[in-house]
Amino acid sequence: MIRLEGRLAPSRLWSVLSPVVAMAITVAVAASLFALLGKDPVRGLEVFLLKPWSGTRALTELGLKATPLILCALGLGLAFRANVWNIGAEGQFLIGGILGGGLALVITENQVPVDRWLFLPMLVVAGAVGGMLWAGIAAFLKDRFNANEILVSLMLVYVADLFLSWLVFGPWKDPKGFNFPQTMNFAAQTGVPRLVTGMRLHWGFILALVAAVAMWAFMFRTYKGMQLMVGGPAPAAARYAGFSSRWALWVTFLISGGLAGVAGALEVAGPMGQLTPHVSQGYGFAAIIVAFVGRLHPLGAVLASLILATFSIGGELAQSRLGLPAAITGVFQGVLLLSLLACDTLINYRPRWSPR
Amino acid sequence: MNETALLIAATLAAGTPLALAGLGLLVNERAGVVNLGAEGMMAIAAVTGFAAAFHTGNDWVGFAAGAAAGAAAAAVFGWLALWLYTNQYATGLALSLFGGGFSAFVGTGYVGRKLEQSAGVGIPGLRDVPFLGPALFRQHPMVYVAIAIMAAMAWFFYRTRAGLVLRSVGESPESAHALGYPVRQIRMVAVLVGGALCGVSGAYLSIIYAPMWVEGMIAGRGWIALALTVFATWRPGRVLLGAYLFGGVTMLQFHLQAQGVQLPSQFMSMLPYLSTIFVLVLISRDPLWIRLNMPASLGKTFHPGS
């Protein structure tokens, strides 16, 4: 019988190896699933994992999908490390998108002449304010009334979704839009500057990378960041050292909410160019997986975002080329996170064979 | 008068899935395990139950399939959280994300399919009593099953030895272990029961309540059921009452619309979510009250000493 025995110190090797093994398990599950559905597993994996990486266009689309994931996962990684469970990044993303989209709409309707490069910082601020506002509600209710932040932040996702739906079905609906639930197309000057001409990839990707480096510096090179890191694994020690858990709650909620909001604003003004009921494709939830797969580390989040972006584009390709439902992406995302959690056990435990 | 009766009937119907899921989650939480995978288990069970009912034409086969699917999903969670010592919150969350994706994938072929509406038979004799008949006695049998489960659970928790053992495992797994009770096995059974009831709840939603399958149809009910166990301070009777309260809130939006209240439908649809937050705030204000009632080991990983 195999028994798990606690390690004296967490294994550094397994902390790195675990995501790799989890990825291998996911690929194995994917291959089996393809075979089960009567598709050639090799061809399936090629379409799903390699095609999203072949060619300039594919690579730029990958970066485009990864951008919101990186931004959301950076903040979530910080929050989870501080033992603050913000599960509602999806809602914060939506409100950021609504504020950013609203700003673009005002400029479009009034034909305000504004340079794209001048609009970009305004857009980022609008998104951040929206996300922080929404995250701030959950932080406030936890701080003031001790209300469970998991449930509150999650309930607010549904509220944000319905609010967006009301806007695009009601007051913000394009009067010339044939009654479709969407706003008018934003003016060209509100678009996010492109990174590569002819491709949809925009400067938000660079912004996300800069944010990742900044987050790394904050987490591992500042005293305030260190306080947050201690509060997660050792709350008693943090209290003893005089680190405030209220501070950790507010800071992590506002940072993670703000980043998610920025991601939403960039998505709306960038590739979408208008508000519709389907602003997010579950980025806020996928980012939870990204954060864990990336070891709650900012640079890990960048790598993990590329993996999840691959899954997402691979799912679309699997639909168009193999005739599989695009929802297969969600299956693989879930398998990846579940197998990662299982593999993570080996960081703190050593399997021992004990005859019994 | 007649309208009130119909409102009561609709409230019971809307509250039943919340009650079933909430009671299921109560079992594993009483044993000290919090499973945030409720939403995912319900989604998997909803599509499985719908498929089973669709192909066999029998709702009860659908419920059984839903229960089995919910328990199977819960088994994955239980194995990870109890035997591999993974964090219960992260694992449950992973199950919810997986369930959302898996159900959408499996259910692609069932979107737009219709089940034959089974007419509510009701309780003979009582169903024709004026007012009370249409209000209470013309429901789907599952509504009464939920009430029976609540009663059985209250009896089990507070009147049987096994119930006492289950609660002791939730309060102090170390003591229960020292007394020789197999803590992990007991918790696993509780997790499976929780998954099965969440499964019945999901199947009820897709087979009776909707009755159809569409991606995202659980619409946060799994999370509301999780909140219910907190509102109810982990008592079966209060879970049932809370579920009906939320069923009432869900129905209120349709009632208000019928009354001609000019409020966009989206804001009405926010009501269940906003009231969940509101009640959470009300009940959590006093941390001591929660701490006194919450199973002491809730959410904490148990390592059997060796």
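Every read-out reported here was derived from the displayed coordinates using simple, explicitly stated rules and does not represent laboratory data. Since we're looking at a predicted model, the values are computed, not measured. Cβ placement follows ideal geometry from the backbone for every residue including glycine, while neighbour counts extend to all protein chains displayed.
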Item to check | chain B: DSSP helices with Cα axial extent of at least 30 Å and average Kyte-Doolittle hydropathy no lower than 0.5 | outcome: B:2-30, B:183-204, B:236-258
Checklist entry - Comparing B:Gly260, B:Gly66, B:Gly32, which has the greatest mean-square fluctuation in the GNM of chain B with Cα pairs linked when under 10 Å apart? => result B:Gly260
Checklist entry - Not counting the cut sites, what is the longest span of chain B without trypsin sites (Lys or Arg not before Pro) that DSSP labels loop and that have at most 14 other Cβ atoms within 10 Å? => result B:115-284
Checklist entry - Which one of B:Gly101, B:Ala73, B:Val281 has its Cα pushed farthest toward the positive end of the charge dipole of the protein assembly as shown, where Lys and Arg give +1 and Asp and Glu give -1 at the Cβ? => result B:Ala73
Next on the checklist: Based on alpha-carbon centroids, what's the gap between segment A:49-77 and segment B:1-50 in Å, whole number please?
Outcome noted: 38 Å
Checklist entry - Given segment B:116-214, what whole percent of its Cα pairs are spread farther than 18 Å? => result 63 percent
Checklist outcome for this item: Rounded to whole angstrom, the alpha-carbon centroid of segment A:186-247 lies from that of segment B:199-266 at a distance of 37 Å
Checklist outcome for this item: With the 8 Å Cα cutoff and a minimum separation of six or more residues, chain A has a relative contact order in percent of 37 percent
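What number, in percent, do you get for the relative contact order of segment B:2-293 if the mean sequence gap of Cα pairs under 8 Å and at least 6 apart is divided by its residue count?
Relative contact order for segment B:2-293 comes out at 37 percent.
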Item to check | Those aspartates and glutamates that a straight Cα-Cα span of less than 12 Å connects to B:Lys114, excepting residues fewer than 8 apart in one chain | outcome: none
Checklist outcome for this item: On each of the three principal axes the extent of the alpha-carbon atoms of segment B:225-294, given in whole Å and largest first, is 44, 22, 15
Checklist entry - Which lysines does A:Lys224 reach when only Cα atoms under 26 Å apart count, and residues fewer than 8 places away in its own chain are ignored? => result A:Lys142
Checklist entry - Which value, in debye to the nearest 20, describes the size of the charge dipole of the protein assembly as shown about its Cα centre when Lys and Arg Cβ atoms bear +1, Asp and Glu Cβ atoms bear -1, and nothing else is charged? => result 1460 debye
Checklist entry - Tell me which lysines have Cα within less than 28 Å of A:Lys173's Cα, excluding those fewer than 8 residues away on the same chain? => result A:Lys65
Checklist outcome for this item: Taking a ≥ b ≥ c as the square roots of the eigenvalues of the Cα gyration tensor, with a/c under 1.5 meaning rounded and otherwise prolate when a/b exceeds b/c and oblate if not, segment B:2-293 is prolate
Checklist entry - Where a ≥ b ≥ c are the square roots of the eigenvalues of the C-alpha gyration tensor, would you call segment A:40-323 rounded, which needs a/c under 1.5, or, failing that, prolate if a/b is larger than b/c, or oblate? => result oblate
Checklist entry - Considering the dipole of the protein assembly as shown built from charges on the beta carbon (Lys and Arg +1, Asp and Glu -1) around the Cα centre, which of A:Trp353, B:Ser201, B:Pro182 is farthest to its positive end? => result A:Trp353
Next on the checklist: Considering the Cα positions of segment B:56-205, please state its Rg to one decimal place and its Dmax as a whole number of Å.
Outcome noted: 19.4, 58
Item to check | With 5 Å bins from 0: P(r) over segment A:23-124, alpha-carbon pairs, percent | outcome: 2, 9, 11, 12, 13, 15, 13, 10, 7, 4, 2, 0
Item to check | Fraction in percent of alpha-carbon pairs per bin - 20 Å, the protein assembly as shown | outcome: 18, 53, 27, 2
Item to check | Mean separation of Cα contacts under 8 Å (6+ apart) over length of segment A:49-198, as relative contact order % | outcome: 27 percent
Checklist entry - What are the DSSP H helices in chain A that stretch 18 Å or more along their long axis, judged by alpha-carbon atoms, and whose average Kyte-Doolittle hydropathy comes to at least 0.5? => result A:12-36, A:56-81, A:89-109, A:116-145, A:149-169, A:204-221, A:245-267, A:298-322, A:328-348
Next on the checklist: Which one, A:Gly127, A:Ala286, A:Ala82, projects farthest toward the positive side of the charge dipole computed for the protein assembly as shown from Cβ point charges (K/R +1, D/E -1)?
Outcome noted: A:Ala82
Checklist outcome for this item: Quick calc, segment A:30-107, dipole around Cα centre from Cβ unit charges on Lys, Arg (+) and Asp, Glu (-), nearest 20 debye, gives 100 debye
Item to check | Overall form of segment A:146-215 per C-alpha gyration tensor (a/c, 1.5; a/b vs b/c) | outcome: oblate
Next on the checklist: Suppose the Debye formula is applied to equal point scatterers at every Cα of segment B:157-306; what is log10 I(q)/I(0) at q = 0.14 Å⁻¹?
Outcome noted: -0.86
Checklist outcome for this item: Measuring from its Cα centre, segment B:149-244 shows a charge dipole (+1 at each Lys and Arg Cβ, -1 at each Asp and Glu Cβ) which, in debye to the nearest 20, is 260 debye
Checklist entry - Non-local amide H neighbours of A:His202 (under 5 Å, H modeled in plane, Pro and chain starts lacking H): which ones? => result A:Leu195
Checklist entry - Highest GNM mean-square fluctuation, chain A, Cα pairs closer than 10 Å: which of A:His297, A:His278, A:His202? => result A:His278
